[in-house]
Amino acid sequence: MLLIDCPWCGTRDQREFTYGGDAAVKRPADPAAVSDKEWHDYVYIRVNPRGSHVELWHHNAGCRRWFKLRRDVVTHEMQGSAPIGSELEPPLPIAGRPGKP
Amino acid sequence: MSQLFRMAPGGAWAGLIDRSREIRFSFDGRTLRGHPGDTLASALLANGVRLVGRSFKYHRPRGIVGVGAEEPNALIQLRRGERTEPNVRATQIELHDGLEAESQNRWPSLGFDLGAVNSALSGLFPAGFYYKTFMWPASWWMFYETFIRRVAGMGKTATAADPDHYEHMHVHCDVLVVGGGPAGLMAARAAGRWGARVIVCDEGAALGGSVLGERLFIDGKPAPDWVRETEAELAAMPEVRLLARTTAFGYYDQNMVTLVERVADHVLMPGHHQPRQRLWLVRARRVVLATGAIERPIVFADNDRPGVMLASAARAYANRYAVIPGKRVVLFTCNDGAYATALDLADAGVDVAGIVDTRPDPTGPLPARARAAGLAIHAGHAVALAHGGKALSGVEIMALDGDRLTGSSRPLHCDVLAVSGGWNPAVHLFSQAQGKLRFDDILGSFVPDRAAQAVHVAGSAAGHFALGQCLAEGARAGADAARLAGFGDGTPPATPATSEDAPAPHRTLWAIPPIEPGKGKRFVDVQNDVTAEDVALAAREGYRSVEHLKRYTTLGMGTDQGKTSNITGLAILSGIVGEPIPKVGTTTFRAPYTPVTFGTLVGPEVGEHLDPIRHSAMHPWHVKAGAQFVNAGLWKRAQLYRRPGETEQQAIDREVLNTREKVGIVDVSTLGKIDIQGPDAVEFLNRVYTNAWSKLEIGRGRYGIMLREDGMVFDDGTTTRLGPNHFLMTTTTANAVRVMAWLEYWLQVQWPDLKVYVASVTEQWAAAALAGPLARLVLADAVEGLDVSNEALPFMGYATAHIAGIPVRVFRISFSGELGFEVNVAADHGMTVWEALMKAGEKHGIMPYGTEALGVLRIEKGHFVVGPEADGRTTADDLGLSGLVSKTKDFIGKRSLTRPALLAPDRLQLVGLMPLDKKDEIVRGCQLVADGPGSGRGARPPVPMEGVVTSNCYSATLGCWIALALVKAGRKRHGETLHAQSPLTGRSVPVKIVPNVFIDPEGARLRV
Ligand SMILES: [Zn+2]
């Protein structure tokens, strides 16, 4: 069970949240202007990086805000969260991360 | 006579049992006696019971091996009837009055077991036996399963509902200490003194861990006394919580550790309102793992005879439980561990027949003390074979030359062989927490290396087994943990002095070769009957990774999860494949550490508490009216209102016909309702719905469908314009929550520039729908201040009014295809308004109808619903709704609609089905296949699928079964005959494709 930092409510239990996919996916500004291939990639293709990853989460049992969460999908380490529209800091190098004994 | 193996009272080390009280219990129907403080295992040994079970595969007689969680053999069927529990380790069952225990895996009795014939036929049970034997044909599997179950039978589960209840506790703490042994107690003391919130848990009945079974002194007093004093000091600290009988079994992300507390397993029955077990979900800032170590055996021929046990267990039975494990004991060791056992047992009056030590020249204080006590030491020797059947009668020992046996064998008579092959740190939780392990060549074991969470490991769990080291490391870890959690400066308390002798180096040794090939069985995993030969066979057959080895041989796959066998098996494999142990790998440790009952995991979330239940405001009315309810998500919806003497079908037919002919009323409060406001509300609706909303007038509603980005239909419903910038959207019951999150996603993530607010108001409004030709009359009688004529309130019109003096919203919409009105009212007044409508409808013959009739009405009208028809693969055009798809504006999912696959001519399209023979029932889920040779009943596969039946019902209006279906290019095939083939029943029904709207296709009834 993860602890997730909602930028509005603070650290809360995972059960209050819903995962919303890769935050890096960009919707084409004008869908009519893109090729079938570009649209297909936007709808269906997701990268599955090993390591740090920025995700969308929805605090559905809380403030009902969508936000960005940087998470290491290998270690499950939380690396910061931010409201939609603000940038997330890149992850710290391993040695400087909090929570490591 | 009883308790012949109980040591006499008196002396400095008389055990930690209460001899003043006697406990009566039964084992396999025999009444036996023990004392408070006993476990079932110690009490059985006290009574001379050696044979406690039969092995899984060969049904070989088995005895007690360990003293705690590691026990692989003594698995017990505990209690009877509804409270019975299989596979409980006798070593962890606290003895109590009236305890009933049965051995497992034997038939007809433990002493005479027919399955033991497997032992004689053991050549038929090689490694991978199940894979090799139980394969094809598939039709034999039924037979295989019966066979496996009868022969294997690992105990029985209760067949009645569990009468006990279970609790869940969610807690936060600064320092969680797992293990209440010397290291854990010192850690708790260190952290507790700095004021940190500390939880200490230990799986034992009392804190203290392994020192309760040792003759050691801490701080000048016997270790058990030091434990009691330390425990009292901790209990007096307000922020420290001590949990005995509590096993930490799972370590999850961000320092969440799950514990199971056995609240009432040590008594016959839980007290009134007392849970049997309690699950603790602990979120700790820091965790100290002081989980100790598990002694490992040495593999040799017939090492499974009852009486072969771990040296630490033999010692603990004597020291803690005052039980001598046998009359004459031989020790077999590669380290100093067995010497303490020999000395303690000799002091307790047991005849020590010899210490067989694989080390050529054992030196150091402990061997010296053994020599001084006159004990025979067979240095450079090994036990090569055990004798005996249901009990050990002796062993053969031989000299060792390196790893090989040499010379001739010599018998030693004994009824107990106490074995020590060294120690494996209990790294299970550390590894579960994603910590990396390192193989320590000196210890011959895996030890914690790099932690991945905020965790400290202290004492034996870290591979530091000396008592003084355990105490010092525990103190250090506790102080560090407290400091990192924000308490104190990291200064640990002083380490108390200990009496322990420094151990001499041990010699890592895993298995003794057989005296001659095939002589005796060398068990690695006694619970799953996996031998060293099985490991070798698996390696020869190419299973060279330990993960493959495990699955192929079932090594370590039993209820003990290989606590005494995994590493030994790994080491043997490593020797065979000629790769170092760390390269062969260690298996992943997974929760739970010891088995946890489902009752504990589920906790109080059973029966009515499984999920929250949602009731509409009119629920009590439906109950009184005798409704039968159905679950719709979390909602309870009235399914039908059966009258006395009616069948379900008769009730549904009556409700349908009454609605078609007179007037019906249905509770539609469960539909999702979303209030949408803001200057950009129209633009927002234009983007989320496929149709256009700009021209919708205030006071009018419109039906709309939403797509996902892949172009498939997501949800549908009506949205009504209440004001210039104010709309009320309805969604399907099933999708209400999803649509809300979906709208929030688009507003917050994709279109933050749109000035729109959305709010779920599903619970705020109760809703009742009137439907039928007489609906207007009913509404007119009930409503105040509203002209309900077709001119004033046309189809899809909206108005506000009062009913019974309460403000209501009236929407002229219809799902049934009849003249319809939906009345929304603040939920608190739902019942009043419902009753007012019922009263007004009385003289018009109003009847309530449930979801069954609702379903019939909608199938008769050919409406799709999300799920059966809109199954995530259907487009608006597939459903015949391309008229609702705007060509001019953009909306979510539009771009996908021109992808080639979505324009394919043979897409499945929504149609209606009628049976050719009116008596036939069309079953939902049927495959539709074409008419003609090579198809239909009796055809040989493959038969091309033409479509699938998505919804069906008996239509009282039409007097036959009808169905909706998705059929390839279905709209062009009206009039064609297909066969509805049910693979489940083997029945095939000829059906005709018809338009999906069965009743009033022009929609005239809606507009009267
Ligand atoms: Zn929040």
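The numbers here are math on the coordinates, done by the rules we state, and not lab data. Keep in mind that what you see is a predicted model, and the values were worked out from it rather than measured. In this analysis, Cβ positions are derived from the backbone assuming ideal geometry, glycine residues included, and neighbour counts consider all displayed protein chains.
Quick notes on this structure:
- Relative contact order of the range B:672-760, pairs being alpha-carbon contacts under 8 Å that are 6 or more residues apart, as %: 38
- Chain A: relative contact order in percent, alpha carbon pairs under 8 Å with at least 6 residues between: 24
- Global geometry of the range B:672-760, whether rounded, prolate or oblate, following the gyration tensor of its Cα atoms and the 1.5 cut on a/c: rounded
- Potential lengthening between residue B:515 and residue B:873 on full extension [0.36 nm per residue; Cα-Cα distance subtracted]: 122.1 nm
- Taking 0.36 nm per residue of separation and subtracting the current Cα-Cα distance, fully stretching the chain between residue B:545 and residue B:82 would add 162.4 nm.
- Cα centroid of the range B:234-269 to Cα centroid of the range B:451-479, whole Å: 20
- Averaged over the residues of A:10-23, the number of partner chain Cβ atoms lying within 10 Å of the residue Cβ comes to 1.
- Local electrostatic count at residue B:82 - Lys and Arg +1, Asp and Glu -1, tallied over other residues with Cβ under 10 Å: +1
- Rounded to the nearest whole Hz, the Karplus-based 3J(HN,Hα) values (6.51 cos²θ - 1.76 cosθ + 1.60, θ = phi - 60°) of the range B:267-280 follow the sequence 10, 5, 8, x, x, 4, 6, 8, x, 6, 9, 10, 8, 9, with x at glycine and proline.
- Note on residue B:442/residue B:408: beta-carbon distance plugged into 1/(1 + (r/R0)^6) with R0 of 25 Å gives a FRET efficiency of 0.15.
- Near residue B:736: Cβ cut-off under 12 Å, other residues only, Lys/Arg at +1 and Asp/Glu at -1. The net charge is +1.
- Annotation for the range B:959-1006 versus the range B:893-923: alpha-carbon center distance of 10 Å.
- Averaged over peptide B:739-752, the number of partner chain Cβ atoms lying within 10 Å of each residue's Cβ comes to 4.
- Computed 3J(HN,Hα) for the range B:799-812, one whole-Hz value per residue from the Karplus formula 6.51 cos²θ - 1.76 cosθ + 1.60 where θ = phi - 60°, is 8, 9, 6, 10, 10, 6, x, 10, x, 9, 10, 10, 10, 8, glycine and proline marked x.
- Only one residue of B:913, B:638, B:56 has its Cα farthest out toward the positive end of the dipole of chain B, where Lys and Arg carry +1 and Asp and Glu -1 on Cβ, and that residue is B:913.
- Lone cysteines, the protein assembly as shown (no partner Cβ under 4.7 Å): A:63, B:173, B:201, B:334, B:414, B:470, B:926, B:953, B:960
- Label positions at residue B:351 and residue B:489, each projected 7 Å from the Cα along the C-beta direction, are separated by 6.3 nm.
- Amide H partners (placed H, <5 Å) of residue B:802, local residues excluded: B:784, B:808
- Per-residue 3J(HN,Hα) values for the range B:592-598, derived from phi via the Karplus relation 6.51 cos²θ - 1.76 cosθ + 1.60 with θ = phi - 60°, read x, 4, 10, x, 10, 6, 4 Hz in sequence order (x marks Gly and Pro).
- Shown for B:914, A:1, B:618: other C-beta atoms within 10 Å of each C-beta, ranked fewest to most, produce the order A:1, B:914, B:618.
- Amide hydrogen proximity for residue B:373: with H placed 1.01 Å from N in the peptide plane, no residue at 5 or more positions away or on another chain lies under 5 Å.
- Backbone N atoms of the range B:650-680 closer than 20 Å to the 7 Å Cα→Cβ label point of residue B:625 belong to residues B:650-672.
- Amide H contacts of residue B:173: B:283, B:284, B:285, each under 5 Å away and 5 or more positions distant or on a separate chain (H built 1.01 Å from N in the peptide plane; Pro and chain starts excluded).
- Counting only DSSP beta bridges whose two residues both lie in the protein assembly as shown, roughly 75 percent are antiparallel.
- Ranked by the mean number of other Cβ atoms within 10 Å of their residues, highest first, the peptides B:501-507, B:347-353, B:522-528 fall in the order B:522-528, B:347-353, B:501-507.
- Charge context of residue B:875, other residues only, Cβ under 12 angstrom, K/R +1, D/E -1: 0
- Taking label positions 7 Å along the Cα-Cβ direction at both residue B:904 and residue B:726, the computed distance is 4.8 nm, reported to one decimal.
- Relative contact order (%) - chain B, alpha-carbon pairs under 8 angstrom, separation at least six: 9
- Bridge orientation summary for chain B: considering DSSP beta bridges with both residues in this region, about 75 percent are antiparallel.
- Whole-Å semi-axes of the ellipsoid equivalent to the protein assembly as shown (Cα gyration tensor, √5λ, descending): 69, 34, 30
- Net length available on complete extension from residue B:267 to residue B:751 is 168.0 nm, with 0.36 nm assigned per residue and the Cα-Cα distance removed.
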